[in-house]
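Right, one structure below, let's go through it.
The values are calculated or read from the model by the stated rules, or taken from the named source; none is laboratory data. Just so it is clear, the model here is predicted, and its values are computed rather than measured. Cβ atoms come from the backbone with ideal geometry, glycine included; neighbour counts cover every protein chain shown.
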2 protein chains.
Amino acid sequence: MANKNRCLTPTTDDECKRARLYLQDTLDVVGGKWKLVLISILRGGKLKFRELTREAGISARILSKELKEMELNGLITRTVVKTSPIMVEYELTPYSNTLSEVITAMHEWGKNHRQKIIGQQSTEPNSL
Amino acid sequence: MANKNRCLTPTTDDECKRARLYLQDTLDVVGGKWKLVLISILRGGKLKFRELTREAGISARILSKELKEMELNGLITRTVVKTSPIMVEYELTPYSNTLSEVITAMHEWGKNHRQKIIGQQSTEPNSL
DNA sequence: GATACCAGTTACAAAAAGGTTACTATGGCA
DNA sequence: TGCCATAGTAACCTTTTTGTAACTGGTATC
């Protein structure tokens, strides 16, 4: 039939759909090219706008857009410091720490995947 | 100075850069709009090409491209079944299970985030 | 006053991603 | 023979994303 259960961890078809919904929710908030990278960078402490562009290698226009979205989602705070040339500091919120498992998992996976790829290239006995 | 340590979990500046590298590696492989969703769907068991387009709501052109990339990265297998109208089954590889922590973490985060958002809307005492 | 740096924004251009439609090719069925 | 379903692919177009360069406005410095 068309409605067979298609998920292992979730057990009903309904749970299956909800699982995908949650996944999509997360992708909506931290998906894309930059947000997780910016969070990863900001885990080292607050940074100013220009510092962030340099650290991430992102253009000011995109950074501005990303930061606004992240602020709206409660992941970072924006603080204006009234110094000589005005300064704006971006800092992670406590709420952003709830993403640490996601980031850690991706970090670990990337590490292992890279080792797997490198291993395939050099240590394989029967290459070529 | 410019090279202060900017990462909490990793402790040296070098580890900090590597951490970001691993994150980017992962994003290269499973980033974008579809790959994690497709994996999530396929966790319920193998599916045919058309079934996948319907389940994910993705066009055939994009699905074809995504599946090729995922096959190249060893996440899925493609099997031709010589039935009446020929059939192609896509199935997760054991290697794709290494992503389960990433997917689970994102699933959990999306679930909690959604509850947080809904909670803000309805149960807040001073709304409006 | 000229220059330079900060934090952005705006306008324009390019590239990436995605969708639609039409098409190939195979084979069962009426 | 014509129609349907399968798995894609190719051409074309739209939308989204990203980048570049120029610019505002403020302050400090030369």
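Within the range A:26-52, restricting attention to residues that are among the basic types (Lys, Arg) and assigned to a loop (DSSP other than H, G, I, E, B), the residue that is surrounded by the fewest Cβ atoms within 10 Å (Cβ to Cβ) is A:Lys33. Note on the range A:53-66: residues that are assigned to a helix (DSSP H, G or I), crowded, with 17+ Cβ neighbours inside 10 Å and within 12 Å of DNA strand D (Cβ to nearest atom) total 4. Out of the residues in the range A:32-85 meeting the condition of being among the polar types (S, T, N, Q) and more than 10 Å from chain B (Cβ to nearest Cβ), tell me which one is nearest to DNA strand C (Cβ to nearest atom). Restricting to residues being among the polar types (S, T, N, Q) and more than 10 Å from chain B (Cβ to nearest Cβ), the top hit is A:Ser64.
Scan the range A:88-103 and tell me whether some residue there is within 16 Å of DNA strand D (Cβ to nearest atom) and under 22 Å from B:Asp13 (Cβ atoms). The answer is yes; a qualifying residue exists. In the range B:31-48, the residues that are free of Cβ contacts under 8 Å to residues at least 12 places away in the same chain reach residues that are of a type in the set (Val, Ile, Thr) and part of a helix (DSSP H, G or I) with C-beta atoms within less than 9 angstrom, at least six apart or across chains, in these pairs: B:Lys33/B:Ile62. Those residues that are more than 16 Å from DNA strand D (Cβ to nearest atom) and either surrounded by 14 or more Cβ atoms within 10 Å (Cβ to Cβ) or not hydroxyl-bearing (Ser, Thr, Tyr) (or both), I need them from the range A:76-87; list them, please. Scanning the range A:76-87 gives A:Ile76, A:Thr77. Answer with yes or no whether A:Leu23 is in a helix (DSSP H, G or I) and either modelled with pLDDT under 95 or within 11 Å of chain B (Cβ to nearest Cβ) (or both). Spelling it out, A:Leu23 is indeed in a helix (DSSP H, G or I) and either modelled with pLDDT under 95 or within 11 Å of chain B (Cβ to nearest Cβ) (or both).
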